[in-house]
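No value in this document is a laboratory result; all are computed from the given coordinates. Everything numeric here is computed off the predicted structure, so don't read it as measured data. As a convention, Cβ positions derive from the backbone with ideal geometry for all residues, glycine included, and neighbour counts pool all protein chains shown.
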Amino acid sequence: MDSLSCPAKSVSDWSPSATSLKSFISSGRGKWSSVPDADWNDWRWQLKHRVTSLDQLESLLPTLTREERAGAVLARSKLAVAITPHFFSLIDPANPNCPIRRQVIPRIEEGNTAPWETDDPVGEDSHSPVPGLVHRYPDRVLFLVTDRCAAYCRYCTRSRLVSNAAGYDFHPEFDRQIAYIEQHPEIRDVLLSGGDALLLSDDKLEHLLARLRRIPHIEFLRIGSRIPIFLPQRITPELCAMLKRYHPLFMSVHVNHPNELTTEVRDALGRLADAGIPLGNQSVLLRHVNDSVDVMKALTHKLLMCRVRPYYLYQCDLIQGSAHLRASVRKGLEIIRGLRGHTTGYAVPQYVIDAPGGGGKVPVNPEYVLSHNHDRVVIRNYEGKVFEYPEAADGTPIILPAREGLPNFGFVPTPASRRSRYFPKFA
Ligand code: SF4
């Protein structure tokens with residue numbers, strides 16, 4: 001069936017209920033029902049049998065649209081197609097707007113480039129002192145380990161690099177990357193990413209972690225990975241046992257839609273959590289994937305059930321050919337407004353825009369502070385009710401030794417504190 005023969009249904013026609021969004025369901029085997037358990041549960045088998053070609057897409061997904069077919073051809077020179085059997089099994093073949101499908105199956109719109117879109121939208125290359133290392137913030141670095149991922153996201157900020165379809169030819173040089181970190185004592189935090197660091201063998205990853213741990217000023221290691229979602233089979237007990245030797249080690253995973261949190265993924269995240277690894281999630285706000293309060297609320301609730309703290313909600317970067325996947329900032333703010341106060345605070349991620357060109361992450365929040373002057377702050381709560389809070393004095397109270405015969409309030413007045421004694425009347 002091509003797009004012209006798809007039934008005329010709107011996205012909302014496919015909207016599942018909140019209860020079904022929050023259910024944990026196995027990925028099943030989809031088209032691989034005859035594969036033995038031992039193979040299906042082997043991460044190397046999953047990698048070897050990824051869906052990577054147009055022929056495979058056509059045979060496994062008979063509802064492939066004309067736009068997707070053209071997108072798959074374009075992807076050969078832009079960002080390769082690769083989808084693990086596990087993740088492919090989550091696609092609803094009957095739904096042309098399936099939120100899983102939109103993330104990994106290319107579309108012809110990837111060929112449309114707006115003037116503000118670039119291949120390096122957050123200026124990583126210009127903040128790279130040695131190949132594979134991005135030093136944008138004062139005390140931390142991004143350490144790119146590989147240009148390969150288990151599957152490729154169509155909106156990837158590093159599309160220029162990952163999969164090498166565009167000929168970037170990335171070769172990490174671990175010795176130079178590590179030497180730079182050794183020579184910069186201000187670096188206390190290293191984030192391993194790529195590509196996906198968990199694609200390295202246990203031995204290779206351990207070698208890298210051990211070298212980083214030996215650097216005295218490195219306090220904190222992080223791994224950014226979508227492997228627990230694309231390839232939960234990779235989260236083996238052996239991997240977890242190795243990772244726990246390098247604490248404090250945190251992991252940021254990347255889940256965009258509640259359907260990605262299958263029973264297999266929940267169990268893999270549980271193994272990481274049991275290894276003492278604090279887990280956070282980074283979602284990208286994507287049109288017709290997670291750009292609604294209901295979907296994001298179900299996602300953040302499910303993440304907490306998996307012991308993962310929703311950490312960031314990213315506005316989609318201005319990567320070339322991503323306009324069809326970008327939701328508006330207005331929508332992002334609406335989602336945060338729909339979460340904050342309406343659900344558990346732990347379930348509310350920080351919404352950020354990674355400033356184009358390399359300005360770093362900028363938090364973007366709905367307007368809760370209506371006005372603020374030297375003596376009061378006017379604030380709005382999640383129900384829209386307005387309150388006043390008397391501004392505190394910035395002068396630091398100092399405890400003074402008591403003087404005989406005098407009560408000791410231990411307070412040295414400052415101009416600001418003198419003003420604050422005259423509290424405004426509450427409205
Ligand atoms: S897993 Fe991360 S690095 Fe890999 S394609 Fe997706 S967004 Fe890009």
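Once R0 is set to 60 Å, what does the formula 1/(1 + (r/R0)^6) return for the Cβ-Cβ distance between E109 and R214, expressed as a FRET efficiency to the nearest 0.05? Intermediate results must be reported in sequence, preceding the final value.
Working: r = 47 Å, r/R0 = 0.78.
The formula returns an efficiency of 0.80 here.
Order of H127, H217 from fewest to most other C-beta atoms within 10 Å? Please report the intermediate quantities before stating the final value.
On the way: H127 16, H217 12.
By the 10 Å Cβ count, ascending: H217, H127.
By per-residue mean of other Cβ atoms within 10 Å, what is the highest-first order of 347-357, 80-90? Display every interim value, and only then the final one.
Working: 347-357: 17.9, 80-90: 24.0.
Descending mean neighbour count gives 80-90, 347-357.
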task: Give, rounded to the nearest 20 debye, the magnitude of the charge dipole that the chain has about its Cα centre when Lys and Arg contribute +1 at Cβ and Asp and Glu contribute -1 at Cβ.
output: 920
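With a ≥ b ≥ c taken as the square roots of the eigenvalues of the C-alpha gyration tensor of region 3-111, please select rounded if a/c is under 1.5 and otherwise prolate if a/b is larger than b/c or oblate if it is not? Please list the in-between numbers first.
Values: a/c = 1.99, a/b = 1.10, b/c = 1.80.
Taking the square roots of the gyration eigenvalues as a ≥ b ≥ c, region 3-111 is oblate.
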message: For a quick check: with amide H placed at 1.01 Å from N, whose amide H comes under 5 Å from I223's, ignoring anything fewer than 5 positions away on the same chain?
response: L192, F250, M251, S252
- request: Enumerate the amide H contacts of R136 below 5 Å, restricted to partners 5 or more residues apart or on another chain; note that Pro and chain-start residues carry no placed amide H.
  value: L142
- prompt: To the nearest 10 degrees, how steeply does helix 329-339 sit against the main Cα axis of the chain, on a 0 to 90 scale?
  reply: 70
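Quick check on the chain: of the DSSP beta bridges with both residues there, what percent are antiparallel, nearest 5%? Show your work: numbers first, answer last.
On the way: 18 of 46 bridges.
Antiparallel: roughly 40 percent of the beta bridges in the chain.
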- request: Work out the P(r) tail for the chain: percent of alpha carbon pairs separated by more than 39 Å, whole number.
  value: 27
message: Let's test the formula: R0 of 35 Å, r as the Cβ-Cβ distance of Q350 and S34. What FRET efficiency results, to the nearest 0.05?
response: 0.20
task: List Y155, Y180 from most exposed to least, where exposure is judged by having the fewest other Cβ atoms within 10 Å.
output: Y180, Y155
task: Could you work out how far helix 263-274 tilts from the main Cα principal axis of the chain, as a 0 to 90 degree angle to the nearest 10?
output: 50
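For the chain, what is the calculated [θ] at 222 nm in deg cm²/dmol (nearest 500), taking -39500 (n - 2.57) for each run of four or more DSSP H residues and dividing by its residue count? Before the final figure, lay out each step's value.
Numbers: 15 runs with 115 residues, N = 427.
My calculation for the chain gives -7000 deg cm²/dmol from helical runs alone.
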- line: Taking Cα atoms only, helix 202-213 is inclined relative to the longest principal axis of the chain by an angle, in degrees rounded to 10, of 20
- prompt: Taking K302 as the anchor, which lysines have their alpha carbon closer than 20 Å to its alpha carbon, excluding any fewer than eight residues away along the same chain?
  reply: K22
- prompt: How many nm separate the modelled label positions at W116 and K22, each set 7 Å beyond the Cα in the direction of the Cβ?
  reply: 3.7
